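Note sheet for the following structure.
Rule-based calculations on the coordinates, nothing more; no lab input. Here the structure is a predicted model, which is why all the values come from computation and not from measurement. Backbone-built Cβ (ideal geometry, glycine too); neighbour counts: all protein chains shown.
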């Protein structure tokens with residue numbers, strides 16, 4: 001844990017762009033009425049406990065890995081998506097990055 | 001560093017979780033469950049507009065206006081809403097006042113519940129297992145690590161925020177701040193002093 005002796009350097013609100021993205025996705029879904037925040041917090045607490053069984057979680061990447069897994073599970077349980085769909089779309093994005101020349105905007109291939 | 005390599009043949013591949021988040025975003029957008037523009041707005045809000053400066057204004061006002069302070073301690077949610085601080089994760093805010101006899105600090109043992117409209121997004125350490133476990137078990141030791149030394153006669157009370165109730169600490173007004181206006185007072189109020197893991201700055 002940080003001893004927090006220096007407070008002068010401003011910390012970024014989100015350490016990684018994907019932390020911000022998964023946070024915003026979750027807030028947007030909550031505001032669209034897809035789930036109650038208290039339900040989210042209960043589930044997230046459970047997921048954090050599971051992730052923290054064999055290591056002490058930091059408040060950055062570890063925390064947002066648990067957050068992402070929690071969101072995926074919630075969406076699958078609600079029937080908003082299927083695990084296979086997430087994996088397929090993830091691979092489609094990977095393929096898109098690997099086949100887009102450096103410096104060009106990355107788009108999914110037609111039909112994906 | 002791969003991203004410094006301009007001869008790289010393809011776009012820099014984001015890490016696995018970033019690809020999974022992109023996948024969710026694509027799927028949910030296509031289903032009409034989210035609007036990508038709304039996502040950008042949410043990120044912009046928390047990166048640039050909402051942060052501890054909001055809470056600092058509330059604290060400064062309470063230091064200078066005892067009627068406001070009493071109202072704040074009685075019903076913080078509606079009092080801060082009147083100042084324009086309301087919305088997500090601010091549905092029920094409770095303000096706890098530090099006194100010479102009692103120091104307050106806030107944790108969320110459940111996950112990371114926090115008064116977003118007043119403080120923004122919590123810092124990494126607030127979300128860490130270490131803080132979440134130790135704040136309750138050994139608060140004085142944690143406070144000492146943050147550089148907060150309490151007098152022996154001061155007790156420590158730890159408040160556990162939940163999805164329903166989020167706490168904000170009202171720190172004690174520092175000595176030497178007499179005669180300062182609200183804006184100068186607000187500049188003394190740090191984020192950590194409103195979580196209870198720090199004290200306000202002392203005027204120079």
Quiz item: Does anyone have the angle between helix B:52-64 and the longest principal axis of chain B? Alpha-carbon axes, 0 to 90°, nearest 10?
Solution: 10
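Over the residues of chain B, compute the C-alpha Rg and express it relative to 2.2 N^0.38 Å.
Numbers: Rg = 20.3 Å, N = 204, 2.2 N^0.38 = 16.6 Å.
Against the compact-globule rule of thumb, the ratio is 1.22.
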Self-check item: Most mobile listed residue (B:26, B:109, B:99) in chain B, GNM with C-alpha springs under 10 Å
Solution: B:26
Quiz item: Antiparallel DSSP bridges in chain B: what percent, to the nearest 5?
Solution: 0
Quiz prompt | Most mobile listed residue (A:98, A:53, A:74) in chain A, GNM with C-alpha springs under 10 Å | solution = A:98
Quiz item: Hey, in the GNM for chain B with a 10 angstrom Cα cutoff, which one of B:16, B:65, B:75 fluctuates hardest?
Solution: B:16
Practice problem: Report, in deg cm²/dmol and to the nearest 500, the calculated mean residue ellipticity at 222 nm for chain A, where each DSSP H run with n ≥ 4 adds -39500 (n - 2.57) and the sum is divided by the residue count. | Solution: -19500 deg cm²/dmol
Quiz item: Sorting A:26, B:29 on the 10 Å Cβ count, fewest up front, what's the list?
Solution: B:29, A:26
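How shielded is B:71-81 by partner chains, expressed as the average number of their Cβ atoms within 10 Å of its Cβ atoms? Before the final figure, lay out each step's value.
Values: counts 0, 0, 0, 0, 0, 0, 0, 0, 0, 0, 0.
What the average comes to for B:71-81 is 0.
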Exercise. Once every Cα of the protein assembly as shown carries one equal point scatterer and solvent is ignored, give the base-10 log of I(q)/I(0) from the Debye formula at q = 0.13 Å⁻¹, two decimals.
Key: -0.98
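If each residue's Cβ is checked for other Cβ atoms within 10 Å, how do A:81, B:151 rank with the fewest at the top? Let's see the in-between values first.
On the way: A:81 18, B:151 8.
By the 10 Å Cβ count, ascending: B:151, A:81.
Counting pairs of alpha carbon atoms under 8 Å apart in space and at least six apart in sequence, what relative contact order in percent does chain A give? If you can, show how the numbers build up before the last one.
Numbers: 41 pairs, mean separation 19.7, N = 112.
Result for chain A is 18 percent.
Take A:107, A:102 and order them by how many other Cβ atoms sit within 10 Å, fewest up front. Numbers along the way, then the final one.
On the way: A:107 10, A:102 14.
Going from sparsest to densest Cβ surroundings: A:107, A:102.
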Quiz item: Given only helices, namely DSSP H runs of n ≥ 4 each adding -39500 (n - 2.57), what is the per-residue ellipticity at 222 nm of chain B, to the nearest 500 deg cm²/dmol?
Solution: -11500 deg cm²/dmol
Exercise. Determine the principal axes of the Cα atoms in the stretch A:17-81, then give the extent along each, sorted from largest to smallest and rounded to whole angstroms.
Key: 34, 24, 21
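Using Cα-Cα distances under 8 Å and only pairs 6 or more residues apart, what relative contact order does the stretch A:17-81 have, in percent?
On the way: 23 pairs, mean separation 22.1, N = 65.
In percent, rounded to a whole number, it is 34.
Kirkwood hydrodynamic radius, computed over distinct alpha-carbon pairs, for the stretch B:41-140: how many Å, to one decimal? Could the numbers behind the result be given before it?
On the way: mean 1/r = 0.0680 Å⁻¹.
For the stretch B:41-140, the Kirkwood estimate is 14.7 Å.
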